[in-house]
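S.K.: One structure coming up, written as structure tokens, with questions to follow.
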Amino acid sequence: HVQLVESGGGLVQPGGSLGLSCAASGSRTGFDDMGWYRHAPGKQRELVAAITRSGYPNYANSVKGRFTISRDNAKNTVTLQMNSLKPEDTAVYYCFARVVINVEGAIEHYWGQGTQVTVSP
């Protein structure tokens with residue numbers, strides 16, 4: 001079965017940097033879109049960044065220029081490098097991976113367990 005295991009996160013001061021990594025396993029065909037959502041208390045879940053199997057990235061406007069997403073298809077890993085962190089980046093970050101499961105384009109979504117990122121003086 002598919003598993004996503006996250007690592008990274010923690011506490012950092014404003015202006016600092018953190019890296020998140022997610023290792024996916026269990027798909028014979030690999031993974032299509034991979035990326036990260038975040039959920040902060042009192043706020044809606046937000047797509048932070050995603051990257052296609054071919055490596056095309058997409059970012060939320062709030063993180064453009066500060067966050068960089070990358071992936072390694074051979075290892076089925078996706079990484080989020082977060083620079084110039086702000087207090088408003090504080091949230092639980094969830095890795096996700098999508099797999100197209102049939103010719104009609106049906107998609108299965110998979111999620112990591114979440115990792116806390118706290119940006120505070």
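The values are calculated or read from the model by the stated rules, or taken from the named source; none is laboratory data. Bear in mind the structure is a predicted one, so any value in this text is a computation, not a measurement. As a convention, Cβ positions derive from the backbone with ideal geometry for all residues, glycine included, and neighbour counts pool all protein chains shown. Surface areas here come from the heavy atoms of the whole protein model, side chains and all, with no ligands, DNA or RNA. Shrake-Rupley method; radii C 1.70, N 1.55, O 1.52, S 1.80 Å.
S.K.: Is one or more of the residues making up segment 97-106 open to solvent by 40 Å² or more (accessible area, probe 1.4 Å), among the small types (G, A, S) and under 15 Å from the mean Cα position of the chain (by Cα)?
M.R.: no
S.K.: Can you spot a residue in segment 54-64 that is farther than 30 Å from Q13 by Cβ, open to solvent by 70 Å² or more (accessible area, probe 1.4 Å) and modelled with pLDDT of 95 or more?
M.R.: So far as segment 54-64 goes, yes, one or more of its residues are farther than 30 Å from Q13 by Cβ, open to solvent by 70 Å² or more (accessible area, probe 1.4 Å) and modelled with pLDDT of 95 or more.
S.K.: Only residues that are out of contact with any Gly (no Cβ under 9 Å at 6 or more places or on another chain) and open to solvent by less than 30 Å² (accessible area, probe 1.4 Å): list them for segment 14-35, please.
M.R.: Residues satisfying the conditions are G16, S27, G30, F31, M34, G35.
S.K.: Shifting gears a bit: All but one of (1) open to solvent by 40 Å² or more (accessible area, probe 1.4 Å); (2) more than 14 Å from the chain's Cα centre (by Cα); (3) modelled with pLDDT of 95 or more hold for Y94; state the number of the condition that does not hold.
M.R.: (2)
S.K.: In segment 13-41, which residues are aromatic (F, W, Y) and in a loop (DSSP other than H, G, I, E, B)?
M.R.: Within segment 13-41, F31 is the sole residue that qualifies.
S.K.: Can you tell me which residue among L11, L47 is more than 23 Å from A106 (Cα to Cα), open to solvent by 50 Å² or more (accessible area, probe 1.4 Å) and of a type in the set (A, V, I, L, M, F, W, C)?
M.R.: L11
S.K.: Being under 27 Å from T29 (Cβ atoms), not polar (S, T, N, Q) and not in a strand (DSSP E or B) narrows it down to one of V103, V78, V99, so name that one.
M.R.: Sole residue among the options that is under 27 Å from T29 (Cβ atoms), not polar (S, T, N, Q) and not in a strand (DSSP E or B): V103.
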